Amino acid sequence: MTTLLKYTIAITVLFLSGTINAQELNGSYSGTLDVQGMQMELIINITPKDNGYTATLDVPAQGASDIVLDSVVLQDNQVTITSAKMKLIYKGTVSGESIVGSYEQMGQTYPLTLKKTVKTKPGNTALPSTDAELEKLAAMETGNYKYSVEDYFKTPDVFSFNLSPDGKYLSYMKRRETGERDVYLKETATQKERLLIKQGENLIRGFFWANENRILFLQDKGGNENYHLFGVNVDGSNKNELTPYEGVRVGVLEMLKDDKDHIIIQMNKDNLEQEEPYRLNINTGEATKLYTVEAGSPPVAGYAFDQKGNLRGIGRMVDGVNIEMLYKIDGEFKPMMVVDFVDSFGISDFNPSSENPDDAYVLSNLGTDKAEIQLYDLKKNEKIKTIFKNDNFDVSGLSLSRKRNYEIDFFYYQGEKTEVVPVSDTYRKIYARLKKEFGDKQFFTQGKTDDESKYLVVITSDKIVGEYYLYDVEKDTITLLYKILPNLKAEDMASMTPITFKSRDGLTLHGYITLPQGYKKGQKLPLIVNPHGGPQGIRDSWGFNPEAQLFASRGYATLHVNFRISGGYGKEFQNSGYGQIGRKAMDDVEDGIAYVIKEGWVDKNKVAIYGGSHGGYAVLRGMTKTPDLYACGVDYVGVSNLHTFMETIPPYWEKYKAMLYKIWYNPTISEEKAIMDEVSPALHVDKIKKPLFVVQGANDPRVNIDEADQIVESLRKRGVEVPYMVKYDEGHGFGKEENRLALYETMMGFFAEHLK
C-alpha cells in the first residue's frame, strides 16, 4: 500500500456553542449542516435554569456531546447564537417548534434549519443487555485462580515513561485508586515526585516533551478520536488548550529541536475532508498555516518536513488510490513520481550530515519485495544505495544521533521477534553494555536526553510486561526505575511460541501459539483464535499479550495468525490479501486452526473465535462461513455489513474511499458487490449456530454502532439470545479501566459457559 511517512488522518466538523435566553425554547433541536457536500447533524439542547437557559451541542456522527454554548440573544422571535472561541454565528427565526436561519463561520454562510426533536443515545438503546444480565454472565466463571482479570487489565500503577530533554525529569502516567490516570514528574536527582496533569472526564490519550520546560498532551471526547492538543509548563503554569477547534482532529507531524517554541502539526480546521499543516506556537496556540490544499486539487495524504520544519515533500492522491510524490525544487513543488497503490515509498529522515541537501533516508519497496532503507537523492529522483535490508521481513526504520551529526545508530525490524541492528561505534558499545546486563531478554532504548548522556531502556518479553531502566553513559550505571504490573510473575506466565505453516493454496504463513504455563504434551486444550485488526499492513508480534496470558491462566490456548494482507512480510504477501478479506484471508485463519489441531495441542470441538475491529468482522464471518468450526465467538467493535460499513465511514476517510474499495471490495462494481453480499455476516445470520457475545463503543467513528445493532437485532428476531455490551462513553475500543474490566470479566464468563 502506498505510504508517505508521518501522516495522520484528520477531520473538521463545524461546531456551535452558546447559551439561550428564551421562554419559547426548551428541549433539543436538530438540524443538518451541509458543508462542501458533506452533511452533518447538529443537535442543540436547551434547558431552563435560574430564570434563564443553558444550552449544549451534540454532533452524533462524531460522537461529540454536551459542548457548552457561549451566548444567545432572543428578541421578537429572532435568535442569535454565537461562539467567540469558534468565531461563529447562528441567526434564525423561531416559529413553533422550528428555527429557520443561517450559520456563519470563517466568512462562509450556510442555511441551517433546526427542528425540535427527542435526544437519544447512539444506536438502538433497546438492544444492549442490562448490567444485571451481563453481571450474571460474568459470574459463570467460578474458578479459583491466582490472578484476576483486574491483575491483567487494570491500569498499571505507573506507565508511559519519558525522559525530559535535559534529563532532569522522568515523566509518566500514574493510576489513582479509582482508575483514572494522571501525569506525574519525578526529579531524577532528588527522586521528588509531583502531580502535573490531572485527568478529568476525558482520558489523556498521550503526552510528550516539547522542550525541557513544557509538556504537550492529547485528549478527545468520549473516544471520538477528534484529538485536541494541550500544553503545560513543568512548574504547572500556562496550562492551556492549543487547538480549541471543536470537531477538529489534530496530529503531530514534526518536533523541532532547533525551535523550542514551535512544532509542526496538521489539522483540518478549514476543510472537512483534508488535513493541512501548521506551525504551532506551543505556548500561545498561535497557528500559521504552511500549505493550503486548494479546492478541486487532488487530496493530500501526507507531508514531509525536514528537521528545521521546512516543508519539503507532499504526497497527494491521484486516481483515488495511487500517490503522486511532489518534491520542492527551487521553491516550487514539482512532480517526482507516482507510486502505485501496492508499492510504498516514504521519507523517513532527511540527511543533514550530507553535503547534498536533497539526500534523504527513505523506506521503500520499489523494485523489491521487502521494504528497505535507502539513501535517496530526491532532486534527481534516484536511489544512491541501499543502506539496510532483510531478506525475509520488511525493515521498520532507523535511528539517528542528532548529537553526532545525524549518524545512523541502528536499524530495526519485526521478524519473529523485534530485531535491533547496531550500526555506529557509539551505539555498538551501548548495545553491548546493555546486552551484557540483560542477556537474552528483549530490550530497546526507548528514549534519550538531547546530549545522549542518558538512555531510557525498556525490557520486555512474552512473560514480562515491561521493566524500565535508566542507563547513565558517563557513569556506566544501569538503574531500575519501574516494573509494570510487577504482581504478574514471569514464572507464572505462558510462553508465546512462533509457528510457521502452509495455507491450503501453498502460501507460507506465520503466527504464534500461546499454551498455558505447565502444558504437558498430549493435552488437548480449548482454543481461542484471535484474528488481528486492520487488516492491511497490521500484524501480530511476539511479546507480552495480556489477553493471551489471561486466556492461558484459565486453561485456554491462544492462536494468532498473520494471514495474507498482514504487514511485515513483503508486498507480495500483503497484496495477496487485497480483495480477499473474508475469503482467502479467512481461509488462512481456518488453516491455522487446522495446523494447531494437527499438532495435537487443541480439542477440535472446543474452538472459539474472538477479535476486535477487523478481528470482530472475522468473528462474524467465521461463524457464518464455517459455523460448525466454532463453539462460540466474541465480536468486539466489528463490521457486520460491508455495505453499511462503506456508507458510514468517518468523513476524514472520504479521500481514501477508492483505496478502501481496493483493499476490501467496490460496491459500484456488480461482481464485487455480489462478493460483499456473500461475505457480509449481517446478510447471513441464519447460518450462525453457536453462541455469540457482541461488544461495542457507542461513539465509534470507524465502525458505527449500527454494525453491532444489525447483527444483534437480526439474531434476536430469530429467537437467539445475544449478550450485547454497549459503553456510551467509549469509541473504537475501550479506554477506561472500569469498562475494560467489565469487558474481560464478562468475556471470561461467556467462555466459561460455552468453551470449557
Report summary line: For segment 158-276, the dipole about the Cα centre with charges only on Cβ (Lys and Arg +1, Asp and Glu -1), to the nearest 20 debye, works out at 680 debye
Report summary line: Diffing segment 144-158: the Karplus 3J(HN,Hα) column from phi (6.51, -1.76, 1.60, θ = phi - 60°), in whole Hz with x for Gly and Pro, holds 9, 10, 5, 10, 8, 4, 4, 4, 8, 10, 5, 4, x, 4, 9
Query raised in the report: Which of the residue pairs Lys524/Lys717; Lys239/Lys289; Lys146/Lys186; Lys502/Lys673 have a Cα-Cα distance greater than 25 Å in the structure shown?
Result: Lys524/Lys717; Lys146/Lys186; Lys502/Lys673
Report summary line: Note on segment 158-276: contact order normalised by length, alpha-carbon pairs under 8 Å, 6 or more apart, percent, works out to 13 percent
Report summary line: Between Asp451 and Asn281, the two model label points (7 Å from Cα along the beta-carbon direction) sit apart by a distance in nm of 3.1 nm
Query raised in the report: When a footprinting reagent is the concern and you count Cβ atoms within 10 Å, what order do Ile329, Ile81 take, fewest first?
Result: Ile329, Ile81
Query raised in the report: How large is ³J(HN,Hα), in whole Hz, for each residue of segment 209-217 in order, when computed from phi with the Karplus curve 6.51 cos²θ - 1.76 cosθ + 1.60 and θ = phi - 60°, using x for Gly and Pro?
Result: 7, 7, 7, 5, 10, 8, 10, 10, 9
Report task. Could you give the size of the charge dipole of the chain about its Cα centre, using +1 on the Cβ of each K and R and -1 on the Cβ of each D and E, expressed in debye and rounded to the nearest 20? Result -> 1460 debye
Query - Per-residue Cβ neighbour rank within 10 angstrom, fewest leading, Ser566, Ser670, Ser129 - result: Ser670, Ser129, Ser566
Query raised in the report: Which order, highest average first, do 172-180, 275-283, 522-530 follow once you tally other Cβ atoms within 10 Å for each residue and take the mean per peptide?
Result: 275-283, 522-530, 172-180
Requested in this report: Work out the length of the dipole vector of segment 357-477 about its Cα centre, built from +1 on the beta-carbon of each Lys and Arg and -1 on the beta-carbon of each Asp and Glu, and round it to the nearest 20 debye.
Outcome: 160 debye
**Report entry** Average projected area [Cα convex hull, segment 410-450], square nanometres
**Finding:** 3.3 nm²
Query raised in the report: So which DSSP H runs in the chain come out at 24 Å plus along the axis (Cα) with average Kyte-Doolittle of at least -1.0?
Result: 737-754
Requested in this report: Compute the FRET efficiency between Glu193 and Lys475 as 1/(1 + (r/R0)^6), taking r as their Cβ-Cβ distance and R0 = 30 Å, and round to the nearest 0.05.
Outcome: 0.85
Report summary line: Row for segment 90-141, column shape: gyration tensor on C-alpha, a ≥ b ≥ c, rounded if a/c < 1.5 i.e. under 1.5, prolate if a/b over b/c, else oblate; value prolate
Query raised in the report: Residues with beta-carbon under 12 Å from that of Lys662, excluding Lys662: net charge, scoring Lys, Arg +1 and Asp, Glu -1?
Result: -2
**Report entry** Radius of gyration and Dmax over the Cα atoms of segment 158-276, both given in Å
**Finding:** 14.9, 49
Report summary line: The relative contact order of the chain, taking Cα pairs under 8 Å that sit 6 or more residues apart, comes to a percentage of 12 percent
Report task. Step through the table entries Lys625/Lys657; Lys606/Lys727; Lys154/Lys198, compare each Cα-Cα distance with 24 Å, and write down the pairs that go over it. Result -> Lys625/Lys657; Lys606/Lys727
Report task. Please work out the Cα center distance from segment 497-522 to segment 192-237, rounded to the nearest Å. Result -> 42 Å
Query - Computed helical MRE - 222 nm, the chain, DSSP H runs ≥ 4 contributing -39500 (n - 2.57), nearest 500 - result: -4500 deg cm²/dmol
Query raised in the report: From the residues Thr117, Ile329, Thr624, which one has its Cα farthest along the dipole of the chain in the positive direction, the dipole being from +1 and -1 charges on Cβ of Lys/Arg and Asp/Glu about the Cα centre?
Result: Thr624
Query - Anisotropy class of the chain from Cα gyration tensor, a/c 1.5 cut - result: rounded
Report summary line: The long-range amide H neighbours of Tyr482, using H built 1.01 Å from N in the peptide plane and a cut-off of under 5 Å, are Tyr468
Query raised in the report: Going by the alpha-carbon gyration tensor, a ≥ b ≥ c the square roots of its eigenvalues, is segment 633-756 rounded (a/c under 1.5) or, if a/c is not under 1.5, prolate (a/b greater than b/c) versus oblate?
Result: oblate
Report summary line: The farthest towards the positive end of the charge dipole of the chain, of the residues Pro277, Ile711, Pro650, given +1 on Cβ of Lys and Arg and -1 on Cβ of Asp and Glu, is Ile711
Report summary line: Given Cβ charges of +1 for Lys and Arg and -1 for Asp and Glu, the option among His262, Ser344, Gly367 whose Cα lies farthest towards the positive end of the dipole of segment 241-371 is His262
Query raised in the report: Based on the Cβ-Cβ distance of Lys521 and Val421, what FRET efficiency does E = 1/(1 + (r/R0)^6) give at R0 = 41 Å, to the nearest 0.05?
Result: 0.70
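Each value in this text was obtained by applying a stated rule to the coordinates, not by laboratory testing. Bear in mind the structure is a predicted one, so any value in this text is a computation, not a measurement. Counting neighbours? That spans all protein chains shown, and the Cβs are built from the backbone with ideal geometry, glycine included.
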